[in-house]
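Notes for the one structure printed next.
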Amino acid sequence: MTDVRTTTHYRTDVAKATVQTRWMLCSMPWLLLAALLWPLLARLGEAGAPAVVGWGIATLTAVQGIGATTAIAHSVGRTARPRALLGAMAAVTVLELGLLPYAYGTGHLDGTRVLVIAAIAIVIPPAFALSPLLGQARYLVVALVGSVAAAVVVWSFDRAAGPAVLAFTVATWTVIGGLMRSSLWFLSVLWQLDAARETQARLMVAEERLRFARDLHDIIGRNLSVIALKSELVQRLTEHPKAQAELTEVQKLTRSLHQEIREVVKGYRTTDLTTELEGARSVLEAAGITCRIERDGAPELGQDAQTALGWVVREGITNVLHHSHARTCTIALARAADGAAELTITNDGGGHRPASGGGSGLAGLGERLAPLGGSLEHGPGADRTYRLHVLLPPTESPTEPPTEPPTEPPTDRGHR
Amino acid sequence: MIRVLLADDEHLIRGAFAALLAFEDDIEIVAEASTGPEATAMALHHRPDVAVLDLQMPGRDGVTVARELAQALPDCRTMIVTSHGLPGHLKRALACGVTGFVSKTVSAQELASIIRTVHGGHRYIDPILAADAISAGASPLSAREADILSLAADGAPILEIAERAALAPGTVRNYLSSVTTKLGVENRHAAAQLARQRGWI
């Protein structure tokens, strides 16, 4: 229970940190713009500019501020990319730069300080908006181009203010870019940690479940074996036919239960044919049987065909293992004339012998292949070999690689 | 008459098997053992035709006993009975000359028939255990490494693994570092996860 509570706490903290960072970043352009606009509007008032000029500047700045805020909100992972707004911001920025010489010409704006303030006010919103959207290199290029443009515009009517504007706008772009980048990086690290923690918690549950299943298997499995054997023993000892029938049921039930528990512990996994072939080779070679795998010109196989041929390999190889005289085994996968997949398992150990106790697996294999249109034949081949041959017609399903168990890819933006 | 040695540390199972096999006319239980060393000693003394060995026994495991018997008593056929179908165990057993590999879910009647098969010079591998081993692909891990790694899979610290495997911590560390190198992963947790996914542990 403690774990769950800690996790919930933690998750709320991440959400809180996200909200706080978003508020902080969104409010920053407004604070900066307000701080710059105040002296600018005061200066316009002193110079006797009409009220409409002040309102115009304030409106344009507000539009820019809204654009910057929206872009920041997008970068903190909440809204869609604001394409239209970004276009509007670009237009407003160009318009503002274009209006600068006009404002200077009317005499409302004068002095290096005022020009620098105006230029910085113009570049702040684009800097905030673009820093999270562009890569580092592209952002720096845009920053340089924007700063040079502002400096050139100012320089065209006031030579003295040009270099100062260039220096201050470059500095503004750089500082804002760095601030935004580090804040977003910090947030993304936080999200990744959160996701990792969640994955870890899920893994821990899965691990614990498996461990429990294994313990269950070890303890219960042992006792199930004893129950099955004891009932078999009683069955042999009793003469009563009805009791014998009942005891057969008990044995069946116990063994199938044991098998089911084993399946749970083993878990579900899919394997592809290549893995099966490698597994077949390694098992055969452990038994001292040389194994050759030929798959030149093998057709591309769909998942169904791979699964079906996997059965064939497992059954065929188990069969080869049962012949202790086998020394070599060849597994050949090829494309038949009609495009069918052709799997041939040849060994030099002699004929098929039904597995003792377990019944013949090859009969069952034929039944499993039938729905896929496959055919199976087996019998002695040349040079005292034994040959298992399977034809599987091509399926329409495209080749799919075996699916790995789903894992959550770490994302740096997909926050809930 | 097939002379059989039964070795299993669980006396209930061993006892039931012994009682049931006694019903078979052609099978005689000449010795019973409950540990690995005992099984080896009994086999050397009684020279059975077939030794039926539990995989997990105190002292020495069934496969180790089978390897000893293959050298000391070349005429004695060995069989492993197990409830653990790890691919590494089957391969290790086959490499040690074991000719029977059977699941513990087997009935005594089936076991008797398998003992006859093995005694006749054939091999018998439980189809499900064989299929599991084949599906698992070619595991780069040795059986011992797989054992140690499965102990590590629960996230247990080295000292605890060493205690459970009855090894020195340094030895455990060596096994685990060889495992991580073989699997090309960063640490033992990643190794355990990968190995479990592939069915190697």
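Computed from the coordinates by the stated procedures, all read-outs in this text should not be read as laboratory data. These numbers were taken from a predicted model, which means no experiment stands behind them. Backbone-built Cβ (ideal geometry, glycine too); neighbour counts: all protein chains shown.
Which of the three applies to segment B:2-136, rounded, prolate or oblate, going by the alpha-carbon gyration tensor with a ≥ b ≥ c and a/c under 1.5 meaning rounded? Because its axes are fairly even, with a/c under 1.5, segment B:2-136 counts as rounded. Under a 5 Å amide H cut-off, with hydrogens placed 1.01 Å from N, A:Ile293 pairs with A:Ile331 among residues at least 5 apart or on other chains. Using only atoms on other chains, find how many Cβ atoms lie within 10 Å of each Cβ of peptide B:95-104 and report the average. Shielding by partners across B:95-104 averages 3. Listed values for segment A:283-293 are Karplus-derived 3J(HN,Hα) couplings in whole Hz (6.51 cos²θ - 1.76 cosθ + 1.60, θ = phi - 60°), namely 5, 4, 5, 4, 8, x, 9, 6, 10, 10, 10, and x replaces Gly and Pro. Only Cα pairs under 8 Å and 6+ residues apart enter the sum, and on that basis the relative contact order of segment A:136-221 stands at 20 percent. Assign unit charges at the C-beta atoms only (+1 for Lys and Arg, -1 for Asp and Glu), then state the dipole size of the protein assembly as shown relative to its Cα centre in Debye, rounded to the nearest 20. Dipole about the Cα centre, nearest 20: 1880 debye. Amide H contacts for B:Gln56 (H built 1.01 Å from N in the peptide plane; partners 5 or more residues away or on another chain; cut-off under 5 Å): B:Gly62.
Note that segment B:87-95 has calculated 3J(HN,Hα) couplings of x, x, 5, 4, 5, 5, 5, 4, 5 Hz, one per residue in order, obtained from phi through the Karplus relation 6.51 cos²θ - 1.76 cosθ + 1.60 (θ = phi - 60°); glycine and proline are x.
For segment A:50-169, relative contact order (Cα pairs under 8 Å, six or more residues apart, normalised by length) works out to 30 percent.
Counting only DSSP H runs of at least 4 residues, each contributing -39500 (n - 2.57), and dividing by the residue count of chain B, the helix-based mean residue ellipticity at 222 nm comes to -16000 deg cm²/dmol. Evaluating 6.51 cos²θ - 1.76 cosθ + 1.60 at θ = phi - 60° for every residue in segment A:85-101, the Karplus couplings come out as 5, 5, x, 4, 4, 4, 4, 5, 4, 4, 4, 4, 4, x, 6, 3, x Hz, glycine and proline recorded as x. Comparing B:Val65, B:Thr40, A:Val19 along the charge dipole axis of the protein assembly as shown, the residue lying farthest to the positive side is A:Val19, per the Cβ-charge model. Highest mean first, the peptides B:88-95, A:306-313, B:53-60, A:49-56 sorted by other C-beta atoms within 10 Å per residue fall in the order B:88-95, A:306-313, B:53-60, A:49-56. If R0 is 45 Å, the Cβ-Cβ spacing of A:Arg222 and A:Val145 corresponds to a FRET efficiency of close to 0.05. Does segment A:163-204 come out rounded, prolate or oblate, given a ≥ b ≥ c as the square roots of the eigenvalues of its C-alpha gyration tensor, rounded meaning a/c under 1.5 and, failing that, prolate meaning a/b above b/c? Here segment A:163-204 falls in the prolate category.
Applying both filters, DSSP loop and at most 12 other Cβ atoms within 10 Å, to the trypsin sites (Lys or Arg not before Pro) of segment A:132-203 gives A:Arg159. Averaging Cα coordinates gives a centre for segment A:290-323 and one for segment A:327-342; these two points are 9 Å apart. Since only B:Gly155, B:Thr171, B:Gly184 are under comparison, the one whose Cα sits farthest along the positive direction of the charge dipole of segment B:143-197, derived from C-beta charges on Lys, Arg, Asp and Glu, is B:Gly184. Segment B:52-69 and segment A:234-275 have Cα centres lying 25 Å from one another. Please compare each pair in A:Lys266/B:Lys91; A:Lys230/B:Lys91; A:Lys230/B:Lys104; B:Lys104/B:Lys182; A:Lys230/A:Lys266 to a cut-off of 22 Å on the Cα-Cα distance and tell me which ones are over it. From A:Lys266/B:Lys91; A:Lys230/B:Lys91; A:Lys230/B:Lys104; B:Lys104/B:Lys182; A:Lys230/A:Lys266, over 22 Å: A:Lys230/B:Lys91; B:Lys104/B:Lys182; A:Lys230/A:Lys266. Remark: relative contact order (segment B:2-136) = 22 percent; criterion is Cα-Cα distance under 8 angstrom and separation of 6 or more residues.
Taking amide H positions as modeled 1.01 Å from N, with prolines and chain starts lacking one, the residues under 5 Å from B:Ile27 and 5 or more places away or on another chain are B:Ile2.
Ranking A:Val148, A:Ala119, A:Thr330 by Cα position along the charge dipole of chain A, where only Lys, Arg, Asp and Glu carry charges on their C-beta atoms, puts A:Ala119 farthest toward the positive end.
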